[in-house]
Amino acid sequence: MDLAAFLSSAHISVHLASDSLLACEVQRRCGVRRLARQASFSFQRGERSQAMQRLGEWITDTPSARRTLGWVIGPSQAQYFVLPWSPESVDRTLRDSYARARYEQLYEADARTAAFFFAAPAASGEQLVSCIPMSLRAELQSHARAAGCSLHSIKPSLSAVWERFRHVLEAERGTLCLVEDDQEAIVRHDRRRIEHVEVARRRPDAAAQREGGAGVLRRFSNTEAPQAATDLRLPRWHGAGEAQDSRYAFALCGAF
């Protein structure tokens, strides 16, 4: 391996959508980051094993001394709820038990089958909890090892978008609408405080319902480019095409 390859590193961010894997590779050389590659791998819903294999081959196609892999999980696999009060500052074991009991109450499912991710609690105590199947987490961990990557993160898409645009969202009160293919997450928040999360299939009347809320309406989508002045916009990556493909919007939220 030559010196340039030895000094380089790459981060691959993959958005797991309902019927495709959307991957972006960001390469870092001498402190400069650029978007080097993008690829999508389609599959029938529920049958992604071949797509995962093709993704692994794509990852190893370009040599790099160090490779990290991050996942952004779409609403077909992620679930959300808000704890009205989080005892995290007192006892994390108590918080975990509380979250699992709340999960079983809301979804009528065994909490032992889910992996939980906790956002930072709001000053008023509420805490966003994200869940994915435990089997999916194990699958992603195994895939990273097989691809020769260090698994950097597994983030539900709401968490990835919130982290990317935290400086905007936590300075205002309003509604964040995340559009992923045929599904939509509506998040009502008051600065850091997330008050309500609803995930459903897109509805023709949803826009009118969102506009009825108080505060700023912001939208982030992988189905079309930003249009309104309040739509969230990703910065242009070095190496991106003239018209950055909106399909990769959630994957790019997980890039660093």
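Quick note: the coordinates plus some simple rules give every number you see, no bench work behind them. Since we're looking at a predicted model, the values are computed, not measured. Virtual Cβ from ideal backbone geometry, glycine too; neighbours counted across all protein chains shown.
From the Cα gyration tensor of the chain, with a ≥ b ≥ c the square roots of its eigenvalues, which class applies: rounded if a/c is under 1.5, or else prolate if a/b is larger than b/c, or else oblate? Because a/c hits 1.5 or more and a/b exceeds b/c, the chain counts as prolate.
Amide H contacts under 5 Å for ARG66: ALA10, restricted to partners 5 or more places along the chain or on a different chain, H placed in the peptide plane at 1.01 Å from N.
Scoring 219-227, 185-193 by mean Cβ neighbours within 10 Å over their residues and listing the highest first yields 185-193, 219-227.
Here the label points at ALA214 and ARG236, each 7 Å from Cα along the C-beta direction, are separated by 4.0 nm in the simple model.
Computed from Cα positions, the angle between helix 49-59 and the longest principal axis of the chain comes to roughly 50 degrees. Principal axis extents of the Cα atoms in the stretch 86-177, from largest to smallest and rounded to whole angstrom, are 43, 31, 26.
Just the number, please: percent antiparallel of the DSSP beta bridges in the stretch 1-111, rounded to the nearest 5.
Values: 19 of 27 bridges.
DSSP beta bridges in the stretch 1-111 are roughly 70 percent antiparallel.
In a simple Cβ point-charge model (Lys, Arg +1; Asp, Glu -1; nothing else charged), the stretch 130-190 has a dipole of about 320 debye relative to its Cα centre.
If you fit an axis through the alpha-carbon atoms of helix 92-107 and take the longest principal axis of the Cα set of the chain, what angle between them do you get, 0 to 90°, nearest 10? With rounding to tens, the tilt is 80 degrees. Model label sites at ARG54 and ARG145, defined 7 Å from Cα along the beta-carbon direction, differ in position by 2.6 nm.
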